[in-house]
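The values are calculated or read from the model by the stated rules, or taken from the named source; none is laboratory data. Since this is a predicted model, take the numbers as computed values, not measurements. Note that each Cβ is placed from the backbone with ideal geometry, even for glycine, and that neighbours are counted across all protein chains shown. Please note that ligands, DNA and RNA were not included when accessible areas were found on the heavy atoms of the full protein model with its side chains. Shrake-Rupley method; radii C 1.70, N 1.55, O 1.52, S 1.80 Å.
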Amino acid sequence: MTFLWLKIFDAALQRKWLLPVVLACIVGLSALLALRLTFSENIFDLLPQDDPAVVEGRLALARFRTLERIVIDFEAADTAGAIAACDQVADDLRKTEGIKSVTSRVSDEALADIATLYDGRMPLLFDAAMEEELARETGPGKFQPRLQEFVDAAEGKGGIQATTAQFRRDPYGLEGALLKRFANLNSGFDVHLVRGHLVSKDGKHCLLIAEAEKPAGNSSESRALMERVEGVLAKLPEGVTARVIGGHRSAADNSATIYRDVALTNTAGTLGVLLLFLIAFRGITPVLTLLLPVSMGLAFSLGLQGAMGGEISAITVGFGATMLSISGDYTIHLVAAVSGAPGDTPAARARSALAHVASPVATAMLTTVLAIATLHFSRFDGLRQLATIAVVGVLATFVFAMTLGPQLLKFYARKMQSGHKSPLERLVAWSDRARQKLVIVTMAACALMTLALAPGLFKVGLEGDVTKLDGKSQATREAEDVIAATYGGATLRRTLIVAGGDSLQEALRENDLVWRTLHAQGAPKFESIAWVLPAMQTQRENVARWRRYWSAERVALLKAEMSAAKATRHLSGGGESQVSFSAEKRDTYFAEFFASLTPPENFADARVLDASTLRHRPLFDLVRNYLVEEPGRVSVATTAKLTEDGDLNKERAKLAELKAATPSVLALNRAQFASRVVGFVRHDLVLLGGLSLALVLVLLWFNFRNVTDLLCALLPVAGGLCWTLGAMGWLGIDFNIINTLMTVFLAGLGIDYGIFVVQTYREAESAEEAHRNLVSAGTGIAAAALTTLLGFGSLTLARHPALFTVGLTTAIGVMSAFVLAVFVVPSIMDWRVGRHRSSHE
């Protein structure tokens, strides 16, 4: 392999135009092909797209986009102020571009429509839940207090507020049970109605819900829409606080955070590397030697992706570009080798440096590629995409480094006199002399560090909640907390269940089956239009249930209970009298009520509620948020709190029962989804970690064919992972779908450090030569480690959780591998060399 690069170097010297032209064509074509790529900023795109749970969850969100609604909470000193602010914003939002609909109150028309439409239609809604409630409300002893309350109210002493006609038509107040069902259409928010507005229990908050025309996944539209919404909210009077949450708010925050972080971290990392090279090597050529091959490798990788077409995650590309900083190590070792390379001319010295590092760099490149290639076996689509980008990019960067790098270093070699050492090389030489003098101290310090960090290994957990990896702003997170605390802690953590059908009635029927299952399971709370608008087939079944329930025997018992009841009436002149009903008077007085218990045979057909005819009635505004009607498909959503305590195993069992009863419905449960992702992370940690280690071991064995050398080369990897995982445990950082790639990254990076140190000792003919060569190799390792630290360390400036956690954990890992490679591995190799020399004396 070294022979090939030397031949290319010699050919480029003879035909100076050839290499620049070839490289320019490759990079230019790659850049053009990369323009075909489209980028996604959705964190869910990183998940396994072929996994049933992911497919079902994404399909549920796609079919019920109103889950992405924009929720605005208004807080004021009193109810009137909060309602006024809500009305002002609602009027403005209805005229705002990008807003499809606004729900700020239940209109008086809707309330009147309910009273009109449902008058006398209770049998249509007589499901199992209503049967249980009516059994309680009409049980023994229930009529006596009702009668007394009615009499007290007639005397002006409080009691039930009902006219005589209302009491005669509904003596048990059963219509109240029907109207209470509309409270189950509050979209999961614990509110009460004040002049039709959704007001919190403390009376200081008012809620508005808006639906956007574009999905939240369109980040550019989300950013523009949120800017317009913020403009509307800016007009609110002083003393009113508005909080905005929802999918569009999160998408806008996430996009803004990613762009801000990319600009900040790239700038900081680039300036840091530039400053490092100017101080360490005192020249701009080494910087170009580093940046050009890496940039060209990234362009080639993205160009290949563009040639294949399709969409790619912007997060994946960001991490791929960062991972390619590993391949910058190849040119760094070239730069470090130039100062000590023999030769009478700059070209000869550049050629000598190439001959010296080509073999270990090629081995390091292969170990890195093999480690990264294991990501192809990940369950996460984003990591498989990353594997393709990084493998192609590393291979391309290696080729560019071995061809372009030596040509650039001819200019650097002119400035460097033979034997002249760079500032970084002098620092490495000094630290190596100190290591040799304090070998026991450094070894003991590393041992103590291992003992201190090891307990942290048992504290590292697995985090499956992908929502914790988005880039929501602190203001949005605080808004979510306030709204959750104000309108019910479980509001934002309900299970979404989506039923569907080819027609509205089919979808409503499927939704009714979901309602029945949830009711049978004893779900603490669930919001569904099945409470007030079941399918017509279900309505007919409910009427039949009503007839069965009000049998002649039950009606007779009810009449007897009513006749036995007595109420006390206070006379105007003093004294009291008893109010009661004889059988004849009872049947006459409550004739309308008794007639409603036995509806005529054609009742179901004559009074049935047809949802398709209600679309233009005010009532439909209350159910619109639960319906999505598309050409050829209608979806109906239910949001449910499956258990009181949120126990994961109980919720899993409940969902399994629900799916067994209604196999075609889609369900998205946050806890279950997180549990599934944890399983993916665990799979990746075990498989990828084991596979990358096995591949690296095989390659090292073929390279060294010595167990001791192999173990020494592995020490930076094994020790670095141990220190990093221990630090993660003590810092409370869990593994997630993003930072699992840190294990693969460290496997590729740490093994490079180990290979260069071990190869230096293997190629030396004496201990003195090994120490001289170690300074050159150590300089390359130090520059590579510092460059990687600056690249990944800059990610700790990011606000995006995914970028921050990877930056922090990788920075710890790189530093750990570097310390072990330059302080521990040389000490072990020195000891081996000493033993070998003693055995031959």
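Only one of (1) open to solvent by 30 Å² or more (accessible area, probe 1.4 Å); (2) part of a helix (DSSP H, G or I); (3) among the acidic types (Asp, Glu); (4) modelled with pLDDT under 90 is not met by ASP50, so which one is it?
Condition (2) is where ASP50 drops out.
Within the bounds of the range 548-555, is there any residue that is under 55 Å from the mean Cα position of the chain (by Cα) and within 30 Å of PHE189 (Cβ to Cβ)?
No, because not a single residue in the range 548-555 is under 55 Å from the mean Cα position of the chain (by Cα) and within 30 Å of PHE189 (Cβ to Cβ).
Please tell me if VAL707 is out of contact with any helix residue (DSSP H, G or I) (no Cβ under 6 Å at 6 or more places or on another chain) and open to solvent by 10 Å² or more (accessible area, probe 1.4 Å).
yes
Within the range 104-143, which residues are among the polar types (S, T, N, Q) and either more than 43 Å from the chain's Cα centre (by Cα) or buried (at least 19 other Cβ atoms within 10 Å of the Cβ) (or both)?
Across the range 104-143, the qualifying residues are SER104, THR116, THR138.
Filter the range 757-781 down to the residues that are hydroxyl-bearing (Ser, Thr, Tyr) and modelled with pLDDT under 80, then identify the one that is least open to solvent (accessible area, probe 1.4 Å).
Filtering the range 757-781 for residues that are hydroxyl-bearing (Ser, Thr, Tyr) and modelled with pLDDT under 80, the one least open to solvent (accessible area, probe 1.4 Å) comes out as SER776.
Restricting to the range 503-538, name every residue that is in contact with a Gly (Cβ under 7 Å, 6 or more places away or on another chain) and open to solvent by less than 10 Å² (accessible area, probe 1.4 Å).
ALA507, GLU527, listed by residue number.
Taking ALA11, is it in a helix (DSSP H, G or I), within 30 Å of SER664 (Cβ to Cβ) and either in contact with a helix residue (DSSP H, G or I) (Cβ under 7 Å, 6 or more places away or on another chain) or modelled with pLDDT of 80 or more (or both)?
no
Conditions: (1) buried (at least 23 other Cβ atoms within 10 Å of the Cβ); (2) under 37 Å from the mean Cα position of the chain (by Cα); (3) modelled with pLDDT of 80 or more. PRO406 meets all but one. Number of the miss?
Evaluating PRO406 over (1) buried (at least 23 other Cβ atoms within 10 Å of the Cβ); (2) under 37 Å from the mean Cα position of the chain (by Cα); (3) modelled with pLDDT of 80 or more leaves (2) as the failure.
Do any residues in the range 667-693 that are more than 18 Å from MET742 (Cα to Cα) and modelled with pLDDT of 75 or more have Cβ atoms under 6 Å from those of residues that are among the small types (Gly, Ala, Ser) and surrounded by 19 or more Cβ atoms within 10 Å (Cβ to Cβ), where the two are at least six apart or on different chains, and which pairs are they?
LEU668/GLY57; LEU668/ALA60
Among the residues of the range 14-35, write down those that are touching a helix residue (DSSP H, G or I) at 6+ places or on another chain (Cβ under 7 Å), aliphatic (A, V, I, L, M), assigned to a helix (DSSP H, G or I) and touching a residue at least 60 places away in the same chain (Cβ under 8 Å).
Residues satisfying the conditions are LEU19, LEU23, ILE26, VAL27, LEU29, ALA31, LEU33, ALA34.
Could you say whether any residue in the range 309-331 is aliphatic (A, V, I, L, M) and at pLDDT 75 or above?
Within the range 309-331 (the criterion being aliphatic (A, V, I, L, M) and at pLDDT 75 or above), the answer is no, since none of the residues qualifies.
So GLY500 fits all but one of (1) assigned to a helix (DSSP H, G or I); (2) at pLDDT below 90; (3) open to solvent by less than 30 Å² (accessible area, probe 1.4 Å); what number is the exception?
Just one mismatch for GLY500, condition (1).
Please tell me if GLY754 is open to solvent by less than 10 Å² (accessible area, probe 1.4 Å) and at pLDDT 85 or above.
Criteria met by GLY754.
List the strands (runs of 3 or more DSSP E) that sit entirely inside the range 164-262 and contain at least 2 residues that are open to solvent by less than 10 Å² (accessible area, probe 1.4 Å).
197-199, 205-212
Just checking, does the range 636-653 include any residue being under 38 Å from the mean Cα position of the chain (by Cα), among the basic types (Lys, Arg) and within 23 Å of GLY501 (Cα to Cα)?
no
Does the range 759-807 hold any residues that are aliphatic (A, V, I, L, M) and more than 29 Å from ALA337 (Cα to Cα), and which are they?
Those that are aliphatic (A, V, I, L, M) and more than 29 Å from ALA337 (Cα to Cα): LEU795, LEU797, ALA798, ALA802, LEU803, VAL806.
Report, by residue number, each residue of the range 263-293 that is over 34 Å from the mean Cα position of the chain (by Cα), surrounded by fewer than 17 Cβ atoms within 10 Å (Cβ to Cβ) and assigned to a helix (DSSP H, G or I).
LEU274, LEU275, LEU278, ILE279
If the Cβ limit is 8 Å and pairs must be 6+ apart or interchain, which residue in the range 803-832 that is open to solvent by 40 Å² or more (accessible area, probe 1.4 Å) pairs with which residue that is not in a helix (DSSP H, G or I)?
Between residues of the range 803-832 that are open to solvent by 40 Å² or more (accessible area, probe 1.4 Å) and residues that are not in a helix (DSSP H, G or I), the close pairs are PHE804/ALA798; LEU808/ILE733.
I need every pair where a residue in the range 640-652 that is without any contact (Cβ under 8 Å) to a residue 24 or more places away in the chain has its Cβ under 7 Å from the Cβ of a residue that is part of a loop (DSSP other than H, G, I, E, B), sequence separation at least 6 or different chains.
Hits for this filter: LYS650/THR643.
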